[in-house]
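What follows is a short report on a single structure.
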Amino acid sequence: MDIRYRNDLYGNYMLITIPQGEDSNRYSFKMLEKNKIPGVLYGRERKEDGKGYWYVDISKKKTLMQEYQDNEMQLEDMIHIFQQLIPILDELKHYLLSESMVVLEPEYIFRDIEEDKLYVLILPWNREEKNLQHLAEFFLEKINQRDENGVNAAYLFYRQQSQPHFSLYHFLPVLEKKSILKRQMEKEIPAWKEAEEKRISLIEKEEDIQEKIAAYNFEQEENVKHIEEKEKRILKITLFIFSLVCLMVGLIPVLSTVIRMSCVASSILLFVVFIFIIFLNDNNNKKFLKSEDKNISPIKKTEIGISETVFFESFENEDYLKLQWKEKGRNKQFVLKEFPCTVGKMKEEVNLCISDISVSRIHCRFVEQENKICIMDLNSTNGTFLNGLSLKSGEVLEIEKNDEILLGKVKLNVV
């Protein structure tokens, strides 16, 4: 289309060059010039420099492209656009005009700034089939990526608009249904989120209490051990001193032989007891260390979801992949053992719950195919990435050790 724009004291206009050979006396030209059809930009033929132009008034209006240049679109905005477009297309039937004349592209769909009404551009010579791909791409680009229902609706429109016999009339109820679902979720999510936050808070408090109890018990055990060690040291020192005192008394010549012999014997006996206690204490320490070594097994702590804490034997001898990540400052780990394994933040519906706002309620799934573990995205809002590669919804990719998986903003390391 050859278009020029003109501004004057009376308003703003588009001048669209009429193709050569077009008869401006045709019915479509006269019908658009003689009638102001609701929702249709008013146009008329004008001659300038020997050329024919379709002169269109666009005063006080801006295009959808301009309106959403720096703004994101919500599902309700999409619905509002379709709800206004369909009556305009219906109105054309009363004037015996074809829908193929309508230019349904975001650069040529206008909104009246004061009345908040949509206006479409009609070219009376246009006979091409209606092409909605440009409009579908515009919705995909501008839709708020955090609006899950809006993203789904934009993708659905993009897929269906290219199919034969696609109709905007039939697509509008689909959009409205998604809007109803969204409103229901908006009512349910705050209550669910509040309950989830309370539950997480209670779990964290319980974990803090358990940690404090464990720390207190450990401190008490250390105190008892310290007291016992102190008592043993005092006993050994006492025995050693008495042994020396008895020996020194036994060496005094003025005492009788019986007394000296008794003191020497007592000194030897006390020294033997002293040596025996030292030997017994060392032996007990060695036995204790050996028993500790035997009891120490490679036990690992795995936190599944938010609250479940499971202790299990080491998997070092078994070929299981594990996921490691940080959640609320805590290191977490999950073993990929049973499949399929669904990941998301809706605890009741998933196997692995990650309570991060960037993770969808049902985000992705791990599956086993031909003895290989693979990951697939479940149409998540913020996407699933494997080693920086974005997965399309339903796409299945194999994972291996040392891979990095990104669910929204949560980074999982495969080990």
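Restricting to region 1-43, give me the number of residues that are polar (S, T, N, Q) and closer than 19 Å to Leu97 by Cβ.
Filtering region 1-43 down to residues polar (S, T, N, Q) leaves 7, 12, 17, 20, 24-25, 28, 35.
If we keep only those that are closer than 19 Å to Leu97 by Cβ as well, we get 24-25, 28, 35.
Qualifying residue count for the region: 4.
Please verify whether Ser358 is loosely packed, with under 15 Cβ neighbours inside 10 Å, modelled with pLDDT under 85 and in a loop (DSSP other than H, G, I, E, B), treating the condition exactly as stated. It would help to see each step written out before you state the result.
Working: loosely packed, with under 15 Cβ neighbours inside 10 Å: no; modelled with pLDDT under 85: yes; in a loop (DSSP other than H, G, I, E, B): yes.
When the stated conditions are applied, Ser358 does not pass them.
Does Met376 meet the test of being open to solvent by 30 Å² or more (accessible area, probe 1.4 Å), modelled with pLDDT of 90 or more, in contact with a Lys or Arg (Cβ under 9 Å, 6 or more places away or on another chain) and among the hydrophobic types (A, V, I, L, M, F, W, C)?
Details: open to solvent by 30 Å² or more (accessible area, probe 1.4 Å): yes; modelled with pLDDT of 90 or more: yes; in contact with a Lys or Arg (Cβ under 9 Å, 6 or more places away or on another chain): yes; among the hydrophobic types (A, V, I, L, M, F, W, C): yes.
In short, yes.
Which one is farthest from Gly150 (Cα to Cα) among residues in region 380-415 that are open to solvent by 50 Å² or more (accessible area, probe 1.4 Å) and under 14 Å from the mean Cα position of the chain (by Cα)?
Only one residue fits best here, namely Lys411.
What number of residues in region 133-177 are farther than 21 Å from Ile109 by Cα and either touching a residue at least 24 places away in the same chain (Cβ under 8 Å) or touching a Pro at 6+ places or on another chain (Cβ under 6 Å) (or both)?
Going through region 133-177 one residue at a time, the tally reaches 8.
Might you check whether a residue that is under 23 Å from Asp147 (Cβ atoms), open to solvent by less than 20 Å² (accessible area, probe 1.4 Å), outside any strand (DSSP E or B) and modelled with pLDDT of 90 or more occurs anywhere in region 331-344? Step through it out loud before you land on a result.
Filtering region 331-344 down to residues under 23 Å from Asp147 (Cβ atoms) leaves 342-344.
From the residues that got through so far, the ones that are open to solvent by less than 20 Å² (accessible area, probe 1.4 Å) too are 342-344.
Going one step further and asking which of them are outside any strand (DSSP E or B), we end up with none.
Checked against the condition, which is being under 23 Å from Asp147 (Cβ atoms), open to solvent by less than 20 Å² (accessible area, probe 1.4 Å), outside any strand (DSSP E or B) and modelled with pLDDT of 90 or more, region 331-344 yields no hits at all.
Hey, Ile277 hits all of (1) modelled with pLDDT of 80 or more; (2) open to solvent by less than 60 Å² (accessible area, probe 1.4 Å) but one; which does it fall short on?
Going through the list (1) modelled with pLDDT of 80 or more; (2) open to solvent by less than 60 Å² (accessible area, probe 1.4 Å), Ile277 breaks only (1).
Within region 99-122, can you find the residues that are open to solvent by 10 Å² or more (accessible area, probe 1.4 Å) and either part of a loop (DSSP other than H, G, I, E, B) or out of contact with any strand residue (DSSP E or B) (no Cβ under 8 Å at 6 or more places or on another chain) (or both)?
Glu99, Ser100, Glu105, Glu107, Tyr108, Ile113, Glu114, Glu115, Asp116, Lys117
Give all pairs with beta carbons closer than 9 Å in which a residue from region 378-403 that is under 17 Å from Lys345 (Cβ atoms) meets a residue that is aromatic (Phe, Trp, Tyr) and open to solvent by 60 Å² or more (accessible area, probe 1.4 Å); count only pairs at least 6 apart in sequence or on separate chains.
Pairs found: Asn379/Tyr155.
The values are calculated or read from the model by the stated rules, or taken from the named source; none is laboratory data. The structure displayed is predicted, hence computed values, not measured ones. Counting neighbours? That spans all protein chains shown, and the Cβs are built from the backbone with ideal geometry, glycine included. Accessible surface is based on the protein model in full, side chains and every heavy atom, while ligands, DNA and RNA are left aside. Shrake-Rupley method; radii C 1.70, N 1.55, O 1.52, S 1.80 Å.
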